[in-house]
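In what follows, a single structure is set out as structure tokens and then discussed.
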Amino acid sequence: MMESLPMAAWVLAIPALPAAAWLLLVLGGRRAAPAAPWLATSAAALSALAAWVVFLERPWEGIPGGIWEGPWSWGFFLSSGGDGIAGLRATLSLDAISGALLPMVGTVAFLVHLFSVRYMRTDPRPGPYFAGLALFTASMAGMLLVENLLFFFVFWELMGFCSWLLIGHDSLNPSSPRPEAARAARKAFLTTRVGDLALLLGMVVLWKGFGTLSFTELAAAGGSAGSPPWLLAGGGLLLLGAMGKSAQFPLHVWLPDAMEGPTPVSAMIHAATMVAAGVILLVRSAAFLPDEILLAASVVGALTAFFAGTVALVSADLKKVLAWSTISQLGFMTAAVGVGGPGAALFHLHTHGFFKAGLFLAAGSVILACHHRQDLGGLGGLRRRMPMTWVATLVCAAALSGLPWLSGFHSKEAILSLALDGAALGGLPALTACLLFVAAALTPVYMFRMVFLTFHGEARSTEAREASEDSWLVRLPLAVLTVLAVVSARFWLFPVEEAPASEHWAGVLGTTLALGGVILAGLLFLLPVLSPAAFARFFGPLTGLARERWKFDALYAATFPPLFRLGGRAVDGIDSRLVDGLAHGIGRMAEAGGSAFRKLHRGRIQTYALLTLAGLLLLSVTLLLQGEAG
């Protein structure tokens, strides 16, 4: 045990340092506010350092089962052990999945903290902001370091709480509160609660069926369980939980509105924390999920990747384009798990974390320089005024588009090759492959549309004409993430599934689609060759549907509030008529009985004597009858 203490200390430091920063800021209150930015950032930096130390040491290698466990463990509700739920124990554990993702999470979290020091400089509430950011970081690290679905769920819920706090941060600004931020936070919280409830119910089903919530034991038991109805139900509930957290169709509606939060928060949610949790859940569950659930995951992911790409193509807001691109890329990851590539899904999650964080922080740099203007129609011409931001956006957009020699090319090619390999089966696997390739073709078009409209051409507003690059607190995170967008695929260590028969063609098709998409975007939005308006008209009603988010928000607004009101009236009717009626009926019966007995108590001695005599007579008759019967 003593030999493992140094490594255990490094592992413990990953979630403990940000958690300690959060605790200090909460306990310090307003007195700690001046120190909040650098306290939280220092804790995130040391946490990232610990993650890289653990990654380089790789303590899980050479251990039977490939899982390293720390020397400490905690019981459920302070239990000392026993059968059933009392026997559940939580401990810090490391395997190839957590070891591979921790450096990405730690690095992105630190760079977001560092960027926030400048971005939130004028914010009147730095204490709550940086406390929430620190707890967000600790929760994601904790979720990666547990091997039990129950404690995984605890950190899953903590991240949901942190996202609600941070998305709605500006709604409590004392000088200029933003009600739309509060609405977005509430929408995110309620929508993800659907998935959270499904995950909780799925855990109950799995506990009932397998008697364990350990991912390792579930994987071992699930391989021989087949596809009984209870496992189909439990697996479907887990998939629904992942769909809510990772904003997959039809529970995707919360993520674009979450852009109402500060831009660094968007980088955290989209790159390193919140939305990654659903994909990680599916990857850890893939070994025991039935084939039917995996097929459903592939179809849901492919549909999400396609339709989110169409919305990104027509979005007019800088951050909304990135939000819809995140939903689309999460669709790729979800589909990858479904087509038999959990390793490929994790690989894309890893590379996506770096270049998506770079894109969001670059968007934050633009918003900061343009005095919080973020509509694409009011930008333009920023390439010469903000060269570092332009390079970062260009490289990260190219990586996201899957252009060769960049990290996104390798991870997306792995997913496309597996999808192409499964397309030979026909039916839904073929549909999945087609949708993923169409989504891959859309990606470079909407990404380079954003690049060209933001940085090229003439400035279309006073804010854009007066923009300039900010301090090193902005430029340094952008520079680091730009480098990682290029090289991050080279230090990926988790095995990635291969499809040798289709790998070559997937690479050729993916590269062709990526290059073709960049050229098309250039012809539409950079060079006066093709008309964007004519291009939009070519697709007719599809363009209108995409601009209206495929009417999901309108559908939900027209469907669920009336249903909730109807349900509320039904419950109110049951409460007022059945429950209250029963209670009032009992009261009235008691009142009627009291009235009847009150007539017998009139204070007349003759009445009492008569009743006593009648009672004695009745008792005597009863005793005589019993004697004769005996």
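A few comments on the model shown:
- From the alpha carbon centroid of segment 539-588 to that of segment 337-368 is 37 Å.
- Given charges at beta-carbon only (K, R positive; D, E negative), |dipole| of segment 530-630 in Debye: 380
- Dividing the summed helix terms, -39500 (n - 2.57) for each DSSP H run of n ≥ 4, by the number of residues in the chain produces a 222 nm estimate of -24000 deg cm²/dmol to the nearest 500.
- In degrees, nearest ten, helix 342-369 long axis to first principal axis of the chain (Cα): 70
- Estimated inter-spin distance, Val438 and Leu625, nm [label 7 Å along Cα→Cβ]: 8.6
- At the listed q of 0.16, 0.26 Å⁻¹, the Debye profile of segment 164-219, built from one uniform point per Cα, gives log10 I(q)/I(0) equal to -0.61, -0.92.
- Unit charges at the beta carbon, dipole of the chain: most positive-side option, Pro179, Phe153, Phe249: Pro179
- Stretch gain in nm, segment Ala614-Asp575, where the contour uses 0.36 nm per residue and the Cα spacing is subtracted: 9.5 nm
- Per-residue 3J(HN,Hα) values for segment 137-152, derived from phi via the Karplus relation 6.51 cos²θ - 1.76 cosθ + 1.60 with θ = phi - 60°, read 5, 4, 5, 5, 4, x, 5, 6, 9, 10, 10, 10, 5, 5, 6, 4 Hz in sequence order (x marks Gly and Pro).
- Coil-residue trypsin sites (Lys or Arg not before Pro) of segment 381-428, DSSP, other Cβ within 10 Å capped at 16: Arg384
- Rounded tilt (10° steps) of 96-119 against the dominant C-alpha axis of the chain: 80
- Ordering Trp550, Leu478, Ala308 by Cα displacement along the dipole of the chain toward the positive end leaves Trp550 in first place; charges were set at the Cβ atoms of Lys, Arg (+1) and Asp, Glu (-1).
- Pairs of Lys residues in the chain, spaced 8 or more positions apart or belonging to different chains, with C-alpha separations under 30 angstrom: 20 in total.
- Cut-off under 5 Å, modelled amide H: who pairs with Ser214 long-range: Leu149
- For the chain, the longest site-free run once GluC sites (Glu not before Pro) in DSSP loop states with at most 15 other Cβ atoms within 10 Å are removed: 62-457
- The phi torsions of segment 290-305, fed into the Karplus equation with coefficients 6.51, -1.76 and 1.60 and a -60° offset, translate into couplings of x, 4, 5, 6, 5, 5, 4, 4, 5, 5, 4, x, 5, 4, 5, 4 Hz, rounded to whole numbers, with Gly and Pro shown as x.
- Tail weight of P(r) past 16 Å, computed on alpha-carbon pairs of segment 346-436, percent: 63
- Neighbours of Ser401 by Cβ distance under 12 Å: Lys/Arg scored +1, Asp/Glu scored -1, total +2.
- 0 to 90° range, to nearest 10: angle between helix 605-629 axis and the chain longest Cα axis: 90
- Cα-projected label distance for Asp291 with Trp405, points at 7 Å along beta-carbon direction, nm: 4.3
- Taking only Cα atoms of the chain, radius of gyration then Dmax in Å: 30.6, 118
- Global geometry of segment 430-507, whether rounded, prolate or oblate, following the gyration tensor of its Cα atoms and the 1.5 cut on a/c: oblate
- The share of alpha-carbon pairs in segment 550-599 lying farther apart than 12 Å comes to 72%.
- Dipole moment magnitude, nearest 20 debye, the chain about Cα centre, only Lys, Arg, Asp, Glu C-beta charged: 2120
- Here the Karplus curve 6.51 cos²θ - 1.76 cosθ + 1.60, taken at θ = phi - 60°, turns the phi angles of segment 24-35 into couplings of 5, 5, 5, 5, x, x, 5, 5, 8, 4, x, 8 Hz, with x standing for Gly and Pro.
- As a fraction of the 1.4 Å probe accessible area of the chain, surface on carbon and sulfur atoms comes out at 68 percent.
- With the convex hull drawn around the C-alpha atoms of segment 93-137, the volume per residue stands at 55 Å³.
- Two numbers describe the Cα atoms of segment 499-630: Rg and Dmax, which are 43.0, 118 Å.
- Inter-probe distance in nm under a simple model that places probes 7 Å from Cα toward Cβ, at Phe535 and Glu217: 5.6
- Values of log10 I(q)/I(0) for segment 380-490 across q = 0.15, 0.20, 0.21 Å⁻¹ run -0.74, -1.02, -1.08, by the Debye formula with one identical scatterer at each alpha carbon and no solvent.
The values are calculated or read from the model by the stated rules, or taken from the named source; none is laboratory data. Computed from a prediction, not measured in an experiment: that's the story for all the values here. Because the Cβ atoms are built from the backbone with ideal geometry, glycine has one as well, and the counts that use them run over all protein chains shown. The protein model used for the area step is the full one, side chains on, heavy atoms only, and it has no ligands, DNA or RNA in it. Shrake-Rupley method; radii C 1.70, N 1.55, O 1.52, S 1.80 Å.
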